[in-house]
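As structure tokens, the structure follows; a few thoughts come after it.
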Amino acid sequence: MGQSPPVVLGRENSLCDPFTFLSSSSAFISGEGFRDEIAVEIVDYTAELPDECLAFVFQFLGPGDRNRCSLVCKRWFRVDGWSRHRLSLNAQSEIVSSLPSLFTRFDSVSKLALRCSRKSISLTDDALLTISIRCRNLTRLKLRGCREITDEGMSTFAKNSKKLRKLSCGSCMFGAKALNAVLDHCANLEELSVKRLRGIHDGAEPIGPGAAASSLKMICLKELVNGQSFAPLVLGSKNLKTVKIIHCLGDWDSVLQLIGNRNRNYNENLNCDINYGSSDSSRSPLMEIHLERLQVSDIGLSAISKCTKIENLHIVKTPECSNYGLVCVAENCKLLRKLHIDGWRTNRIGDEGLIAVAKHCSNLQELVLIGVNATHVSLSAIACNCSKLERLALCGSGTIGDTEIACIATKCMALKKLCIKGCPISDIAIEALGSGCPNLVKIKVRKCRGVSSDAGEWLREQRGSMLINMDACDTDCGFEASVSDIGVHETGEEVGQVTAVGASTSSNVEFELH
């Protein structure tokens, strides 16, 4: 029968008794002669591994596997506790009694998510106070559905959380008073994301900028009744780089005009500094603007064209915007690298605006056109003049056919990723891509009825190294550039889920850039 295989058990840290294991394992052996030959080697292969190395290994595990690892032995339990920096909790009221023990174990948490479902009662101000006292190193907080937290609770939390750098809150009841408290006390705040706050309503007091005026770099506003109350915050944030305004009610042209004037003043001051030797660099220009499902017209687009340093612009489902506004942006924002347009099939943005982009924005690397009826005239201009274009998506256009794709295949030499969805192309377009775009590594074709599965197989034979995802083909090669429902991609990593017991509607294309 020989020697049994080694059993991995902790020497001193094991949660189970090795002698119990020996006695139970011997029950499977019959015959007295064999009992004397049994030698069970107890080996803990991590015993010589420093705690820091074990913690580093844990970082590569998902939350479920990490929770299971913490039950292996006392040492793993201890290392998991002090090395876990991200935590996600089911923030129901029942969690309150578990908070002291929970944060005694996880005493190094710096990124915390608190989520509560609509059908449950969330934790209250007292619980948030306990968290602020226990989590002294907290830098990121995400609140979802915590409807029992009030302005007073958030104000107290802010006073105790001066290291906070990122705050994301949605479907909560607090409002302007709470946010102003955060901005006043959290001088290191860099990112603020606000979604469906019931306390932000008509007549709400102005918000910001407070002590965070110099640190704030990103503001995201989504589905707010009175998002215009954030105008003082946007205008007063000296180092603001990114503004995202998504599905917020009201007229936004006037706010965009203020933003444009802010950046125009920045450019004028910069010129003065250069001419007269001043070193005033207290303000930074906006570099990224997202406008989605807003009441915005060409007046607003013309206003943001004064933000001449913009590199990333999203114009999504803003039906009052036309070629005129896009031309203003193209003529002034010559550093554009990423441009996303969802024309919503209104036919107000087309060849005229895109030709202006081709003429003035030679640094363009990523272009997404959804519901925009572009033709080979504008696409040819973009292919010829935008020599750095690497990522292109063409979706829901009735004018993009075989001729347009052939033009792209012939002239887009730098193109690496291509997505085509819902366009009237045929196998002829696929054949053109077989010999064109020499740097193309990924292609996705969806809902193009004229494309057959045979064309997909032929393309694989021609370009063996290319990753191809076609709904007419049986094989999905994992092209990451998918057409999906857009959401606000709030900054911050997703955190592991730990329960108290155990311790947009618009279509857009997301390219995996790295």
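The values are calculated or read from the model by the stated rules, or taken from the named source; none is laboratory data. All of these numbers come straight from a predicted model, not from anything done at the bench. Counting neighbours? That spans all protein chains shown, and the Cβs are built from the backbone with ideal geometry, glycine included. Note: areas computed on protein heavy atoms with side chains; ligands, DNA, RNA excluded. Shrake-Rupley method; radii C 1.70, N 1.55, O 1.52, S 1.80 Å.
Taking the condition of a type in the set (Ser, Thr, Tyr) and modelled with pLDDT of 85 or more, does residue 46 pass?
It is false that residue 46 is of a type in the set (Ser, Thr, Tyr) and modelled with pLDDT of 85 or more.
Within the range 396-420, which residues are under 16 Å from residue 366 (Cβ atoms) and within 27 Å of the chain's Cα centre (by Cα)?
Scanning the range 396-420 gives 414, 415, 416, 417, 418, 419, 420.
Yes/no matrix, rows are residues, columns are (1) within 29 Å of residue 52 (Cβ to Cβ); (2) open to solvent by 70 Å² or more (accessible area, probe 1.4 Å):
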position: 81; (1), (2): yes, no
position: 84; (1), (2): yes, no
position: 87; (1), (2): yes, no
position: 97; (1), (2): no, yes
position: 104; (1), (2): yes, yes
position: 107; (1), (2): yes, yes
position: 110; (1), (2): yes, no
position: 113; (1), (2): yes, no
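Any residue in the range 104-115 that is more than 30 Å from residue 213 (Cβ to Cβ), among the hydrophobic types (A, V, I, L, M, F, W, C) and over 24 Å from the mean Cα position of the chain (by Cα)?
Scanning the range 104-115, I find at least one residue that is more than 30 Å from residue 213 (Cβ to Cβ), among the hydrophobic types (A, V, I, L, M, F, W, C) and over 24 Å from the mean Cα position of the chain (by Cα), so the answer is yes.
Among 155, 171, which is touching a His at 6+ places or on another chain (Cβ under 9 Å), of a type in the set (Ser, Thr, Tyr) and surrounded by fewer than 22 Cβ atoms within 10 Å (Cβ to Cβ)?
When all the criteria are applied, what remains is 155.
Counting just the residues of the range 362-390 that are in contact with a strand residue (DSSP E or B) (Cβ under 9 Å, 6 or more places away or on another chain) and surrounded by fewer than 22 Cβ atoms within 10 Å (Cβ to Cβ), which one comes out nearest to residue 296 (Cα to Cα)?
371
Against the condition farther than 20 Å from residue 147 by Cβ, under 23 Å from the mean Cα position of the chain (by Cα) and not in a helix (DSSP H, G or I), how does residue 189 come out, does it pass? Spell out how you get there, then give the answer.
Working: farther than 20 Å from residue 147 by Cβ: yes; under 23 Å from the mean Cα position of the chain (by Cα): yes; not in a helix (DSSP H, G or I): yes.
Considered against the rule, which asks whether it is farther than 20 Å from residue 147 by Cβ, under 23 Å from the mean Cα position of the chain (by Cα) and not in a helix (DSSP H, G or I), residue 189 comes out as yes.
Would you check if residue 136 is of a type outside the set (Val, Ile, Thr) and surrounded by fewer than 16 Cβ atoms within 10 Å (Cβ to Cβ)?
Against the criterion (of a type outside the set (Val, Ile, Thr) and surrounded by fewer than 16 Cβ atoms within 10 Å (Cβ to Cβ)), residue 136 qualifies.
Which fully enclosed strands (runs of 3 or more DSSP E) of the range 412-512 have 2 or more residues being modelled with pLDDT of 50 or more and more than 30 Å from residue 193 (Cα to Cα)?
It comes to 417-421, 442-446, 467-470.
Give, as residue ranges, the helices (runs of 4 or more DSSP H) completely inside the range 63-167 that count at least 3 residues that are farther than 23 Å from residue 183 by Cβ and not charged (D, E, K, R).
In the range 63-167, 63-69, 74-83, 99-105 are the helices (runs of 4 or more DSSP H) which contain 3 or more residues that are farther than 23 Å from residue 183 by Cβ and not charged (D, E, K, R).
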